[in-house]
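The values are calculated or read from the model by the stated rules, or taken from the named source; none is laboratory data. Remember, predicted model here, so these are calculated numbers, not experimental data. Virtual Cβ from ideal backbone geometry, glycine too; neighbours counted across all protein chains shown. Remember, those area values only see protein heavy atoms, side chains included, never the ligands or the DNA or RNA. Shrake-Rupley method; radii C 1.70, N 1.55, O 1.52, S 1.80 Å.
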2 protein chains.
Amino acid sequence: METKNTIGFIGIGVMGKSMASHLLKAGYQVLVYNRTKSSTDSLVENGAVWKDTVAEVAKEADVVITMVGYPKDVEEVYLGEKGILKNAKEGSYVIDMTTSEPSLAKRIYDEAKAKGIHSLDAPVSGGDVGAKNATLTIMVGGDKDAFEKMMPVLQVMGKNIILQGGAGAGQHTKMCNQIAIASNMIGVSEAMVYAKKAGLDPSKVLESIGAGAAGSWSLSNLAPRMIKGDFEPGFYVKHMVKDMNIALAEAEKMGLWTPGLELSKSLYDEIVRENKENKGTQVLFELLDK
Amino acid sequence: METKNTIGFIGIGVMGKSMASHLLKAGYQVLVYNRTKSSTDSLVENGAVWKDTVAEVAKEADVVITMVGYPKDVEEVYLGEKGILKNAKEGSYVIDMTTSEPSLAKRIYDEAKAKGIHSLDAPVSGGDVGAKNATLTIMVGGDKDAFEKMMPVLQVMGKNIILQGGAGAGQHTKMCNQIAIASNMIGVSEAMVYAKKAGLDPSKVLESIGAGAAGSWSLSNLAPRMIKGDFEPGFYVKHMVKDMNIALAEAEKMGLWTPGLELSKSLYDEIVRENKENKGTQVLFELLDK
């Protein structure tokens, strides 16, 4: 009988909870830590083991997965004095699934390697629904050996799992994803505002334009919410802004010209100034519908 | 036995040729006129009848379809001294399938109505492939009766055929289509430039991001051409610029704020200044890849 690895899971938000729950169901022993302990209650009821600190998780786990908020959280959790790399076992694996900075992913990889720890950056797309259904797309950066070793673990949480290159390549790929979305959200929002102001039936317009060259995931999934005035978060404005800040910083380092990304960032900054950072990204419609 | 209408087809370009050819195959008598006569040769070989002037087409046809270039062409062909409305039969139908101005569509409708002629605006999406395969999306504005009468004719050329509202609504819907595309092209281009500059394999990036929330028709169909450096026209830059000019003018009339459309227009204007107006819209990648 196969002995399954012990997996530490740090960061039990909406996404992390679903992902850790799949690992439990797959038969892994799962150690959990989260800033707000109560978020882990249902996992603990289902067999997960609560640990009081990040360090304790790192000391006992064969694989540590993190799904936290911002790059500063990633930095603290991995590189802090009481963080993962100071405490993890030699030969263990660490996988950061947070959307974070490519350069930080490289720093973590380098420090991990110096300690004999294998590091992967593995951000995801697919949102809460993808996490719940274990259909996340997982974009991975790191060493091929580590990627292959961790494939069975990643397959428990996602479907389209691709090694995109060395350390940081997973994060860079996620930035491509967010950059494509950033400008498309403007187009989708403007098209829907135009439809409304021109006196058309926006739902009927979607029937005409949804399946052709204007078609996109955002048009199919978010435009109907715009039309209904449903601005509840599928993907939070505040997270989109976080991701665009990372992408803009990386683009600047590479000397890229990204006028669409800059425009989108400025529009979402305005949305944040209107205190709508906890709305879904489709609230851009409301900003333009003036 | 049903007697099929005589259809006049004015404007035999790449699109018009395929569309008129489907009408011939469906058993309609087709009268053709084009500024460059030689473009109609293959249609005439297959049974179409050449007419020397727009007026002659209009005098003899029960239905006149136009697929010309710019709004000024539409205006001349319909409203000019030797144009369609001065010569068409009372009770006949006119269908402009050019992407043109909503306000012009309304003017044509009004003048047509005053003469007892039924007018529809019916721009399409789906490009040369959609025209060839008779799978065009057709967005229609005008009276319901006329729409229903013309449905059998439109069904010969397209599949997703929707009456969007009164005169001009077809054109407005097409503008929504182009507005959504305009900003998305920026996002797709920036994402692919970022992938390249970050040292990723852009094709592999597409495997990760193509099917998720960043997914779009442009990402699936045009990004691969960007990666290959294939900037041959699927959809011409010059036509995209024409459409964006119409959309911007309409948006201004309605007092809309369309920052994405404005940005896209300014980028494509730059491409025109680089004498690339006969390239495909995916050449935006080349502008940003600097």
Among B:278, B:221, the single one that is more than 7 Å from every other protein chain (Cβ to nearest Cβ) and either in contact with a Ser or Thr (Cβ under 8 Å, 6 or more places away or on another chain) or closer than 30 Å to residue A:282 by Cβ (or both) is B:221
For the range A:180-214, the count of residues that are at the interface with chain B (Cβ under 7 Å from one of its Cβ atoms) and open to solvent by less than 10 Å² (accessible area, probe 1.4 Å) equals 16
Among strands (runs of 3 or more DSSP E) completely within the range B:20-103, the ones holding 1 or more residues that are among the acidic types (Asp, Glu) are B:93-96
In the range A:139-160, anything open to solvent by 10 Å² or more (accessible area, probe 1.4 Å), touching a residue at least 24 places away in the same chain (Cβ under 8 Å) and of a type in the set (A, V, I, L, M, F, W, C) is listed as A:147, A:156
Note on the range A:163-179: residues touching a helix residue (DSSP H, G or I) at 6+ places or on another chain (Cβ under 6 Å), part of a helix (DSSP H, G or I) and either open to solvent by less than 10 Å² (accessible area, probe 1.4 Å) or more than 7 Å from chain B (Cβ to nearest Cβ) (or both) are A:171, A:173, A:175, A:176, A:177, A:178, A:179
Of the residues in the range B:27-77 that are on the phi < 0 side of the Ramachandran plot and among the small types (Gly, Ala, Ser), the one that is surrounded by the fewest Cβ atoms within 10 Å (Cβ to Cβ) is B:38
When every residue in the range A:66-105 that is among the β-branched types (Val, Ile, Thr) and closer than 16 Å to residue A:143 by Cβ is compared, the one farthest from the other protein chains (Cβ to nearest Cβ) is A:94
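Give B:263, B:248, B:287 a once-over and let me know the one that is more than 24 Å from residue A:286 (Cα to Cα) and aliphatic (A, V, I, L, M).
Sole residue among the options that is more than 24 Å from residue A:286 (Cα to Cα) and aliphatic (A, V, I, L, M): B:287.
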Residue A:276 fails exactly one of (1) in a helix (DSSP H, G or I); (2) in contact (Cβ under 8 Å) with a residue 40 or more places away in the chain; (3) in contact with an Asp or Glu (Cβ under 9 Å, 6 or more places away or on another chain), namely (1)
Scanning the range B:264-278 for residues that are open to solvent by 40 Å² or more (accessible area, probe 1.4 Å) and either over 20 Å from the mean Cα position of the chain (by Cα) or not polar (S, T, N, Q) (or both) gives B:266, B:269, B:270, B:272, B:273, B:274, B:275, B:276, B:277
